[in-house]
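The values are calculated or read from the model by the stated rules, or taken from the named source; none is laboratory data. For clarity, every value in this text was computed on a predicted model and none was experimentally measured. FYI the Cβ positions are ideal-geometry reconstructions off the backbone, even for glycines, and counts take in every protein chain you see. Calculation scope for accessible area: heavy atoms of the full protein, side chains included, ligands and nucleic acids excluded. Shrake-Rupley method; radii C 1.70, N 1.55, O 1.52, S 1.80 Å.
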Amino acid sequence: MIAIVSSNARERMAFGAMCDTQGWAAVECESLRAFKRTLQQLNPTVVLTRNKLSDGYADDVTKIMVRDSARTPARVVVLFDAGASPAIEARQIALGATCVLRDPIRTEVLLAYLTKYVAEPFRQGHNGGNRALRDAEFDFAGARVHPMERKIETARRATHVTPRELELIRLLDEATGEVVTYQSLYSEMLGRRFRGDTSNMRVLLGKLDRSFGALQISLRKYVEVIPKTGYRYVEKPGNG
């Protein structure tokens with residue numbers, strides 16, 4: 001599995017298509033936050049990341065994948081702008097990056113590195129380092145969420161949700177107040193790129209809305225649908 005971490009949508013799409021042509025499984029992350037969420041579900045053996053992200057830097061990505069004691073080190077390839085200083089590149093190498101490349105990125109060279117790293121990953125198998133965090137209960141849209149039981153409840157009512165409904169709850173909750181884009185939803189939940197058809201997410205949101213309806217909670221007062229963009233969860237109910 002290759003994780004593509006870049007805040008440039010066009011670049012993510014290009015690298016994703018490149019992985020498709022090679023038959024490599026890949027997940028696209030638009031930010032450091034999205035990357036951290038992905039790590040709760042997946043264990044990439046190779047990470048391809050831009051040095052500068054919308055909400056952080058490759059430093060954080062490299063530290064997580066190389067130095068986090070809860071994880072076995074993975075290959076990290078860091079991409080820099082043409083004007084980046086040698087000192088910044090050297091810092092990534094010191095942090096543990098496997099490879100650093102500078103714009104313009106030559107596809108043939110990048111493919112050669114990725115082919116080698118995919119064939120010779122540092123680690124194999126599942127890592128459960130974040131299990132306790134994922135199992136912790138939390139509040140969402142006026143209900144208490146119990147991940148272990150896949151249950152949502154209020155003081156008077158309770159109902160169970162599907163694994164996919166639970167994952168949508170997590171993604172929205174972790175991005176409270178921010179828009180979770182369709183690109184991020186499809187990449188993190190379905191493991192594929194968003195191609196303009198929102199029907200899967202509309203059906204899922206409708207199903208989750210009915211689950212909250214069983215608790216007499218109107219989920220649509222908490223979750224805003226941003227046309228052609230994605231969803232945004234707000235802690236205080238709106239008028240929708």
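Straight-line reach from Lys36: taking Cα to Cα under 16 Å and skipping same-chain neighbours fewer than 8 places apart, the lysines in range are Lys52, Lys63. For P(r) over Cα pairs in 10 Å bins from 0, in percent, the value computed from the atomic coordinates appears in the list (1) 7, 30, 32, 20, 9, 2, 0; (2) 8, 28, 30, 17, 8, 5, 3, 1, 0; (3) 7, 29, 27, 17, 11, 6, 2, 1 under label (1). With R₀ set to 22 Å, the beta-carbon distance separating Val179 from Asn8 gives a calculated FRET efficiency near 0.80.
Phi angles of the stretch 167-172 translate, via the Karplus equation with coefficients 6.51, -1.76, 1.60 and θ = phi - 60°, into HN-Hα couplings of 5, 5, 4, 4, 4, 5 Hz per residue; Gly and Pro are given as x. Distance between the 7 Å Cα→Cβ label points at His160 and Val203: 2.1 nm.
In the context of the full set of protein chains, residues of the chain present 50 Å² of accessible surface per residue (probe radius 1.4 Å, heavy atoms only).
Considering only the chain, what is the antiparallel percent among its DSSP beta bridges, to the nearest 5? Percentage antiparallel, nearest 5: 50. Taking only the Cα atoms of the stretch 11-107, the ratio Rg/Rh comes out at 0.94, with Rh defined as the Kirkwood radius. With angles folded into 0 to 90 degrees, how steeply does helix 107-119 sit against the dominant principal axis of the chain? Use alpha carbons for both and round to 10. On a 0 to 90 degree scale, this one is about 70. Magnitude of the charge dipole for the stretch 136-231, about its Cα centre and with charges confined to Cβ atoms of Lys, Arg (+1) and Asp, Glu (-1), is about 400 debye.
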